[in-house]
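The values are calculated or read from the model by the stated rules, or taken from the named source; none is laboratory data. Predicted, not measured: the structure shown is a model, and the values here were computed from it. Virtual Cβ from ideal backbone geometry, glycine too; neighbours counted across all protein chains shown. Protein only, heavy atoms only, side chains kept; ligands, DNA and RNA dropped before computing areas. Shrake-Rupley method; radii C 1.70, N 1.55, O 1.52, S 1.80 Å.
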Amino acid sequence: MFKTHGFSNLKLMVLTFLKTTFNINNYNHAVPACLAPPLQFGFYHKTCPQFPEIVKSVVTKEFELNPTNAAPQLRLFFHDCFVQGCDASVLLNSTKVNQAEKDASNNFSLGNFFVIDEVKEQLEKVCPGVVSCADILALVAVYSIKAAGGPLYEIELGRRDSLTSYAPSAETYLPASSLNVSGLLEDLQTVGLDEVDLVALSGAHTIGQAHCSSIINRLYPHVDSQYPKYYSKQLVANCTDNGYLKLPNYDNNTQFFNDPVTPLQFDNQYFKNLKENLGLFTTDKSLFNDERTKKLVETFASNQDAFFKQFGISLRKMGKIGVLTGAQGQIRNQCWVRNSHNVDPALDPTSLDFVS
């Protein structure tokens with residue numbers, strides 16, 4: 001779910017670059033604590049009442065075909081919100097003149113865009129031009145949690161879709177799996193989240209899979225001694241040829257579950273794993289090693305209901321980061337491309353050769 005600690009100056013440089021180069025004068029990455037964006041429950045109750053049922057149907061179908069589908073659909077929402085806000089910028093395709101977020105180096109493992117496209121296609125048949133791709137991301141995320149055995153969370157809707165998407169933003173703002181708690185909190189606090197949100201949202205790692213590149217810092221040049229021996233042997237064997245790790249020739253195609261105990265179930269097993277040193281990433285193990293977050297890990301490990309409740313609160317909080325509402329942005333007709341009637345020809349997909 002979750003670049004290296006101490007990028008504050010770089011973030012400012014990237015933000016200045018984006019503003020000056022692409023004339024982004026209203027970039028709103030962080031949500032001031034004093035503001036509450038005008039999202040609401042039941043936003044589409046009158047304009048598109050079929051929305052929840054369509055999402056439920058598509059997500060359920062894909063989960064039944066492959067239970068691992070729930071995690072990447074939840075992950076898309078995370079990766080969207082932490083970069084430029086929850087505005088579906090992660091869904092836009094790159095063009096010949098601009099590399100979009102989805103093609104950033106640290107988004108190489110994103111997938112299941114086809115699920116969002118399928119939901120959008122069905123919605124355009126019954127409610128054309130009504131439901132934003134940003135809200136589809138949000139509702140697909142909560143129904144994916146439900147499909148994996150978690151609660152069905154209510155979440156406010158009313159987001160609109162961004163006109164912009166830039167790979168440098170993703171490479172700067174997405175927290176890296178190699179960060180410790182201090183680095184994570186530095187990143188999360190810029191978008192209005194705190195240590196409680198950090199621990200709760202990290203619980204999304206109770207489902208999903210990881211690549212070798214995400215844990216290479218814990219395997220090379222020395223295997224992290226905090227891994228149990230049987231677990232580290234398994235990881236090294238999966239990520240190398242004949243048990244030997246020689247950079248850069250580690251296997252980045254191999255995937256393994258974040259939670260080796262109940263990998264397809266949205267539950268509190270992730271926190272129990274942290275207590276047994278089975279946290280896969282540096283970000284995971286640091287939660288139990290840091291006094292600021294250790295007690296929360298222990299609470300969620302012993303009380304699944306407490307985890308479920310806080311996860312819902314933190315997910316809704318995250319879902320309000322940098323949203324576009326009212327007349328801002330647009331409602332895309334297709335989630336991977338801006339509408340063709342933009343005033344600015346640089347944003348008009350008919351004027352550019354888009355990368356499919």
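The table that follows gives values for the structure above.
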item: Residue that is surrounded by the most Cβ atoms within 10 Å (Cβ to Cβ) [pool: residues in the stretch 231-267 that are charged (D, E, K, R) and at pLDDT 85 or above]; result: 259
item: Failed item, numbered, when residue 170 is tested on (1) modelled with pLDDT of 95 or more; (2) in contact with a helix residue (DSSP H, G or I) (Cβ under 7 Å, 6 or more places away or on another chain); (3) surrounded by 24 or more Cβ atoms within 10 Å (Cβ to Cβ); result: (1)
item: Residue satisfying all of: in the stretch 189-203; among the small types (Gly, Ala, Ser) and either surrounded by fewer than 24 Cβ atoms within 10 Å (Cβ to Cβ) or in contact with a Ser or Thr (Cβ under 8 Å, 6 or more places away or on another chain) (or both); nearest to residue 70 (Cα to Cα) among these; result: 202
item: Residue that is modelled with pLDDT of 90 or more and of a type outside the set (Phe, Trp, Tyr), where the choices are 217, 180; result: 180
item: Residue within the stretch 159-166 that is outside any helix (DSSP H, G or I), open to solvent by less than 30 Å² (accessible area, probe 1.4 Å), closer than 22 Å to residue 312 by Cα and of a type outside the set (Val, Ile, Thr) present; result: yes
item: Residue match in the stretch 276-298 (condition: part of a helix (DSSP H, G or I), touching a Lys or Arg at 6+ places or on another chain (Cβ under 9 Å) and hydroxyl-bearing (Ser, Thr, Tyr)); result: yes
item: Yes/no for residue 301 being touching a Ser or Thr at 6+ places or on another chain (Cβ under 8 Å) and either modelled with pLDDT of 95 or more or assigned to a helix (DSSP H, G or I) (or both); result: no
item: Subset of the stretch 95-108 [aliphatic (A, V, I, L, M) and open to solvent by less than 40 Å² (accessible area, probe 1.4 Å)]; result: 100, 104
item: Pair list, Cβ < 9 Å and 6+ apart or interchain, from the stretch 76-98 residues that are under 23 Å from residue 184 (Cβ atoms) to residues that are among the small types (Gly, Ala, Ser) and surrounded by fewer than 21 Cβ atoms within 10 Å (Cβ to Cβ); result: 76/111; 85/30
item: Positions within the stretch 325-356 being modelled with pLDDT of 95 or more, of a type in the set (A, V, I, L, M, F, W, C) and in a strand (DSSP E or B), in sequence order; result: 337
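A quick yes/no check of all residues on (1) assigned to a helix (DSSP H, G or I); (2) open to solvent by 40 Å² or more (accessible area, probe 1.4 Å); (3) out of contact with any Pro (no Cβ under 8 Å at 6 or more places or on another chain):
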site	(1), (2), (3)
78	yes, no, yes
93	no, no, yes
110	no, no, no
116	yes, no, yes
119	yes, no, yes
125	yes, yes, yes
150	no, no, yes
154	no, yes, yes
176	no, no, yes
